[in-house]
Amino acid sequence: MRLIIDFAYLLAAIAISPKVIYRMLRHKRYRAGWANRLGKIARKNPDKKAIWIHAVSVGEVNAARTIIDRLKQDLPDYEIVISTTTDTGFDRANKLYASELAVFYFPLDFSAVMRRALKNIKPAICLLMELEVWPNLVDTANRLKIPVVVVNGRISDKSFPKYKIINPIMRKIFRQTTLILPQTEEYAKRFKALGAPKDKVIVTGSLKYDTAQITDKIEGADRLAEKLNIKQNQRLWVTGGTGPDEEVLLLRTYMKLIADDKFKDLRLTIVPRKPERFNEVAQLIIQFGLPFIRYSQIKDNPNPPKTDSRTVILGDTMGDLRKFYSLATIIFVGRSLVPMGGSDMAEAAALGKCTIFGPYTFNFNQTVDALLADKGAIQIKDADELFKALEKCLSDNELAQNIANNGREVIRKNQGATQRTIEQIKKLLLNK
């Protein structure tokens, strides 16, 4: 089986190599971390037992924060190491943990590479965020008697039919996996349908509720507002984690809004999800004839250019979205007006903001259902409905505040997944 999987990987690598090379040259992606990807990984404290956490990208890194904090607190004799797949995930993990944890790129799942990686890391347990189960990782760990746990597990509506096509492979992987901790009962049913033994599946809830900080104040937000000339009582519409073909719809909606004297003071912030699209979105704003400023021009500039209180803000830095959210009057959660699965809306709701998102939210169905059930957010079908929702909420402060309060309460009552997850991890580690 391992040879078949390795051969399939080799064919896939050949097929996607032109795309990888293009992105390396055009977007400067995939250039770093090749020693890690080939299994060369160094730990900071090799004398300690290790807990290996794998988080694909920024979302999974953020979701792992409460788990990492609790593991450090409850299991101080273990060294925690964290891997990511994407450059943005690696940058985020480095920003959060580089001073204390070993951060590295996830090794390629060829059997020889994975054997080398596990030999270097020597983990006592592997924690895979959401659904990062790789055949050779799971198989090699199983042979070495290293527990593998899927944490914060989920299988989206889009992914489930694809996994059913390769059900024999998934069945073997899940039978070799030690424990699966899904976010919801629906996800648990999907894991079982794909072959996960019932006694290995324990619903613990979504970590996103625990990582969504319920607060009225974000450190650094006041400084951001000062640098960008965001007035205290000014209405600010923040669009976060936006995707291709979506910004044009948002800009058209904004132009339509500010044409009305009631909303001429409304200011717009656009924060694209991917850094390689910052320049593209900047050009799009220019095409609309709107004055704009890149936050990167101001963030670390001791003599930043002055901005008008109506200048559109392009959030082209990493790690600052929550600061923008904390200053918002109203938030649109991106990648949801286009079929990309949405972005995390729990952060916006936890900050007590009136939150709107589009119809394409298959990556966050559980959060969407919970928010909509308690009137803690608004879901719109298209750009026309977005305009109407914005118009209504900006005109009715009481309505907007009720939505914001309801959303925050939904986040509050769904917290607790971290504690339930840690209990299961400690059982495996301390009973070995």
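Throughout, read-outs are computed from the coordinates displayed, never taken from laboratory work. Because the structure is predicted, anything quoted here is derived from the model rather than measured. Every residue, glycine as well, gets a Cβ built from its backbone with ideal geometry; the counts of neighbours run over all protein chains shown.
So here's what we get for this one:
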read-out: Assigned charges on the beta-carbon of Lys, Arg, Asp, Glu; the stretch 113-267 dipole about Cα centre (debye); value: 940 debye
read-out: For a label point 7 Å along the Cα-to-beta-carbon line of N301, residues of the stretch 209-237 with backbone N under 14 Å; value: 227-229
read-out: Net length gained if the chain between L3 and K192 were fully extended (0.36 nm per residue, minus Cα distance); value: 65.4 nm
read-out: Greater than 26 Å apart at Cα, pairs in K227/K392; K95/K427; K158/K192; K119/K162; K323/K375; value: K227/K392; K95/K427; K119/K162
read-out: Distribution of pairwise C-alpha distances over the stretch 28-145, 10 Å bins, in %; value: 14, 50, 33, 3
read-out: Label corresponding to semi-axes √(5λ) of the Cα gyration tensor in Å when calculated from the structure given, among (1) 39, 24, 21; (2) 34, 24, 18; (3) 48, 24, 18; value: (1)
read-out: Distance between the stretch 30-87 and the stretch 106-140 - C-alpha centres, whole angstrom; value: 12 Å
read-out: Calculated from backbone phi, Karplus (6.51, -1.76, 1.60) coupling profile of the stretch 193-210 in Hz, x at Gly/Pro; value: 5, 8, x, 5, x, 4, 6, 9, 10, 10, 6, 10, x, 8, 5, 4, 5, 6
read-out: Restricting the stretch 148-222 to trypsin sites (Lys or Arg not before Pro) in coil, as DSSP defines it, with at most 13 other Cβ within 10 Å; value: K158, K217
read-out: Residue-span extension gain [D396 to E219] - 0.36 nm each, minus C-alpha spacing; value: 60.8 nm
read-out: Quotient of Cα Rg and 2.2 N^0.38 Å for the stretch 221-413, N being how many residues it contains; value: 0.95
read-out: Largest-first ellipsoid semi-axes for the stretch 223-327, taking √(5λ) over the Cα gyration tensor eigenvalues, angstrom; value: 19, 18, 13
read-out: Whole-percent pair-distance distribution, where bins are 10 Å wide, for the alpha carbons of the stretch 19-80; value: 18, 34, 32, 14, 2
read-out: C-alpha center-to-center spacing [the stretch 158-185, the stretch 292-357] in angstrom; value: 35 Å
read-out: Cα→Cβ-extended label distance, 7 Å offset, between R23 and L372, nm; value: 3.1 nm
read-out: Average projected area [Cα convex hull, the stretch 265-362], square nanometres; value: 6.9 nm²
